[in-house]
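A short write-up of the structure that comes next.
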Amino acid sequence: MRDLFHFLWKNNFSILFLLLESLSFYLLFQNNRYHSTVWFNSSNQLTAEVMNSLNSVTQYLSLRSSNRKLAEENAQLKNFITSIKTSNPDSLMMQDSTGQYIFYPAQVINNSYTYRNNYLTLNKGSLDGVQPEMGVIAPDGIVGIIKDVSPHYSTVLSVLHKKTRISAGFKNNKFFGSLSWPGLKYNEGLLSDVARHVKFQKGDTIVTTGFSTLFPEGIMVGTVKSWDTRAGSSFYSITVEFSTDFANLTWVYIVNNLRQKEILELESQSLNNDN
């Protein structure tokens, strides 16, 4: 304490000068519009520059997390993609091991998930080979079905839509049902028409069956969260927690089934012959 008093006494004139100078600047900026404006603009510019620098640092520090996410997505994609057809990232085309499916990456430029009927808009259209009735997936799971297409864009009927129906079943057995969205929570769907004799438990994985021409077999859908049965019913109603985060979709993959037309024409022919 003695040293502090000694310092203040020794530098009392300098300290008094700094206090009076600070008071003078305060009165100058407080009562002079021009000087006040100059100070305000200068401080705002400085603040903006500091915030911009902080934002750059934040983005740099988040690179590790972003790279880890990309690595996880690449690892998941390698489960069903075996060869790359072109080296141009914007028109990257990948094919599965069977040669039946081709995957086109697309960027999500609009997305809704809070309504009863939700859609996405992608930056790929007919000029990129996109057609209606193609499936759309993300690295974490299913997304929806292509609905309308223009030369450069396409819209997607989201899984979060009352008209969407997808064939899905258990990964650890061959039992399946119909997946729909009841319109309650954007991260939960409903798997119906699963027979009462089927054995399963909470946390079991639900995947696509491959019974439709939209998706390959084994694409992730989600996990079993809960279930119930109505009195007199022979089927379960199973709540599925989606693996896809519909609130955070940036890049997706459009699924082109090269044999879709052949399958649909054959099935239509069989149906006509029955009639």
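Of the strands (runs of 3 or more DSSP E) lying entirely inside the range 150-263, those carrying at least 3 residues that are among the small types (Gly, Ala, Ser) are 166-170, 176-180, 188-195.
Looking at GLY203, GLY218, which one is under 21 Å from ALA138 (Cα atoms) and loosely packed, with under 13 Cβ neighbours inside 10 Å?
Testing whether each residue is under 21 Å from ALA138 (Cα atoms) and loosely packed, with under 13 Cβ neighbours inside 10 Å leaves just GLY203.
Among residues of the range 126-149 being among the acidic types (Asp, Glu) and assigned to a loop (DSSP other than H, G, I, E, B), the one that is farthest from TYR236 (Cα to Cα) is GLU133.
Looking only at residues in the range 138-148 that are modelled with pLDDT of 95 or more and among the hydrophobic types (A, V, I, L, M, F, W, C), the one that is nearest to LEU249 (Cα to Cα) is VAL143. Of the residues in the range 219-270, how many are under 31 Å from the mean Cα position of the chain (by Cα), farther than 17 Å from LEU160 by Cβ and not β-branched (Val, Ile, Thr)? Result for the range 219-270: 14. Hey, any hits in the range 154-165 for a residue that's without any contact (Cβ under 8 Å) to a residue 60 or more places away in the chain and touching a helix residue (DSSP H, G or I) at 6+ places or on another chain (Cβ under 6 Å)? No, there is no match, as no residue in the range 154-165 is without any contact (Cβ under 8 Å) to a residue 60 or more places away in the chain and touching a helix residue (DSSP H, G or I) at 6+ places or on another chain (Cβ under 6 Å).
The values are calculated or read from the model by the stated rules, or taken from the named source; none is laboratory data. All of these numbers come straight from a predicted model, not from anything done at the bench. Reconstructed Cβ throughout: ideal geometry from the backbone, glycine too, with neighbour counts over all protein chains shown.
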